[in-house]
Amino acid sequence: MLRFLLHRGGQALIAAFGVVTLVFFIQRLTGDPTALLLPETATQADIEAMRATLGLDRPLGVQYLDFLRDMVTFDLGRSFVQNAPAWDIIASRIPQTLQLAAGALAVALLIGLPLGLLMALTRGRAVSRWIMGLVLACQSMPTFWSGIMMILVFGVWLRWLPSSGTGTLAHLVMPSIALGLLSLATYARITRSAVLDELGKDYVRSARARGVGIRRLVSRHLMRNSAIPVISITALEISQLLAGAVIVETVFAWPGLGLLTVQSIAARDFVVVQAVVLLGAFVTIFANLAADILYSVVDPRVRLEGK
Amino acid sequence: METAAPRSIRLSALLTWWPAWLLLALTAAAILAPWIAPLDPDRQNLLARLKAPGFEARGATYWLGSDELGRDILSRLIYGARVSLSVAVLSVLLSGLVGVAVGMAAGYLRGWTETILMRLVDIFLSIPAILLAIITVAVLGPGFVNVILVLALTRWPRYARVAYGQTLAIADRPFVTLARAMGASPLRVLALHILPNIIGPLLVVATLEFGLMVLFEAGLSFLGLGVQPPTASWGSMLSTGRNYVGSAWWIATFPGIALFLLVLSANLIGDRLVDRIGKGR
């Protein structure tokens, strides 16, 4: 187990290092990042000062090492637009995005899992095909459009829910659904194929032959044995949700990390954009690591396969 | 009597392939835009601002209504298809070419090349795609060409993964060994012996990616990072529609339906291909 942990942990570290490197080089794509890091109102003196801080006169390798050092000490830089550390700016928005992601995950799991199960149990019948159609529709629905349509129907016409902002649970409903639809589709499909896999196995047939009812079969055996693919997909979904939040938050004026990113691009506050991207990547790497570890706890065979 | 059966089969085949017909129709609309768009998509008419579908002014009918500058939604929709389709096609081609080349090289050459290239793929995949696209656009600036470059940069690892796995599975087959033994260069083996055998799963990935690229382009345009105004794009039309959702529902509704149908048909075709060719993973 320890060897497995070290191996996967090492891989995660390499990935994190790679992401930092990648972001550094993206930042230098245009050659001189000074223009990115300063607001449009910056004076020539500001630009010179920025060049000195970044050490642009030094070799690229040295600049890169400096950037790496900042990252290791978790120094995400300082926003010149808001004149505050990037981390402080981000941290104030994290709770809002977490709320939204949790809401979306709840929507996806609570609706997606039962739909997937139902599709598997009714395979070959019309019900199953209709649900599959619905799932495909969820998958093809642009998040921003489903968001706008919900605002139109429930916010403007029916006046049931507030169309933007935050504060109450009612504010959370529409953004969560808009963000959760894509994950819902993924969960439904994964659950369907996982349950179908299990249904074809011998123990299910013998349990059926012994007269075990379908309800008992589902609750006792199928749910647990189909859990592994669902767990591993959750790690991927978390990063999907983070990315989707950029658009959903813009649609609903939800003051989280996504809206912050979009506002920061408009304000040419690149340090903050970069910090959000790095955070998103680190969360993704960590979620994948956590999923792998969880996976190996649930199914010990995984540990051996890596060798 | 004898012709009845085949004909009904042909009809049902036509119906089951409706996603393909829809895709074809949209492509035709995009290509023929200057001839079939009822009005100039960029012509503003401040007297016809925010008019509901069916509005008529000076002999011109706004079938799907007009936007906040009095431009015809239907015409902008038709011209917007050009942006969506061309960005999607070009970025799929570019990311596919790069990804397949990288994946095949890693799977065939093995050793250090494999380790470095596939690590690079993992790194790219660990940044959520839309965030990677956003940060790159923030550096390069928005615009048609940059959007394609950014999407290609973001998505090539998907193809690399598939091409890599498929190449690994095939590289040890006797016909490949034989070709190598007969002195074929690596490039020749890859292009003539391996590529034709792995193209199926790659096409599946490309189809599914096509739908995703349409969504990505619309998403970037929605955020103001895509193709810049006044060029009509479905994403930026939706962004305007969001602001007028209380007073002019038609601005956001129609581009959304168009996007939805385009992406849905790409996904449905991809699903069919998965059933036929096998999983692209």
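Brief remarks on what is shown
- Alpha-carbon centroid distance for the pair the stretch A:64-93 / the stretch A:1-37, whole angstrom: 15 Å
- Kirkwood estimate for the stretch B:110-233, i.e. one over the average of 1/r between Cα atoms, Å: 16.6 Å
- Mean shadow area of the protein assembly as shown over all directions, Cα convex hull, nm²: 35.5 nm²
- Convex hull (Cα only) mean projected area of the stretch A:2-91, reported in nm² to one decimal: 7.3 nm²
- The stretch B:208-218 - phi-based ³J(HN,Hα) in whole Hz, Karplus 6.51/-1.76/1.60, Gly and Pro as x: 5, 5, 4, x, 5, 5, 4, 5, 5, 4, 4
- A Cβ-based charge dipole, computed about the Cα centre of chain B with Lys and Arg at +1 and Asp and Glu at -1, lands at about 440 debye.
- Residue-span extension gain [B:Met182 to B:Ala101] - 0.36 nm each, minus C-alpha spacing: 26.8 nm
- 1.4 Å probe, heavy atoms, protein only - residues of the stretch B:105-144 losing at least 40 Å² accessible area vs chain alone: B:Arg119, B:Ile123, B:Ser126, B:Ile127, B:Pro128, B:Ile130, B:Leu131, B:Ile134, B:Ile135, B:Ala138, B:Val139
- Leading residue at positive end of dipole, the protein assembly as shown (Cβ point charges), from B:Ile134, B:Pro229, A:Leu105: A:Leu105
- Inter-centroid distance (Cα atoms) of the stretch B:132-183 relative to the stretch B:40-54, Å: 44 Å
- Distance between the modelled labels on A:Ile94 and A:Ile14, one decimal in nanometres: 2.8 nm (7 Å Cα→Cβ projection).
- In terms of its C-alpha gyration tensor, chain B has an oblate overall shape, because the principal axis ratio a/c (a ≥ b ≥ c, square roots of the eigenvalues) is not below 1.5 and a/b does not outweigh b/c.
- Accessible surface buried upon A-B contact (total; probe 1.4 Å; Å², nearest 100): 3700 Å²
- Placing +1 on the Cβ of every Lys and Arg and -1 on the Cβ of every Asp and Glu, with nothing else charged, gives chain A a dipole about its Cα centre of roughly 2060 debye.
- On a per residue basis, chain B carries 46 Å² of accessible surface, using protein heavy atoms and a 1.4 Å probe.
- The stretch B:109-226 - percent of accessible surface contributed by carbon and sulfur, probe 1.4 Å: 67 percent
- Protein heavy-atom surface of chain A, 1.4 angstrom probe: 64% of the accessible area is carbon and sulfur, with nucleic acids and ligands not counted.
- Think of each Lys and Arg Cβ as +1 and each Asp and Glu Cβ as -1; about the Cα centre, that makes the dipole of the stretch A:95-255 roughly 940 debye.
- Each label was represented as a point 7 Å from its Cα along the Cα-to-Cβ direction; for B:Asp40 and A:Leu6 these points are 7.3 nm apart.
- Taking the Kirkwood radius as Rh and the Cα radius of gyration as Rg, the stretch A:116-242 has a ratio of Rg/Rh equal to 1.09.
- Environment charge at B:Ala57 (Cβ cut-off 11 Å; Lys +1, Arg +1, Asp -1, Glu -1): +1
- The H on the amide N of A:Ser79, modeled in the peptide plane, is under 5 Å from the matching H of A:Ala84, A:Ala86, each at least 5 residues off or on a different chain.
- Probe 1.4 Å, accessible area per residue of the stretch A:95-255, Å²: 47 Å²
The values are calculated or read from the model by the stated rules, or taken from the named source; none is laboratory data. What you see is a predicted model; the values in this text were computed from it and never measured. Quick reminder, even Gly has a Cβ in these numbers, built from the backbone with ideal geometry, and neighbours come from all protein chains shown. SASA here: full protein model, heavy atoms, side chains in, ligands and nucleic acids out. Shrake-Rupley method; radii C 1.70, N 1.55, O 1.52, S 1.80 Å.
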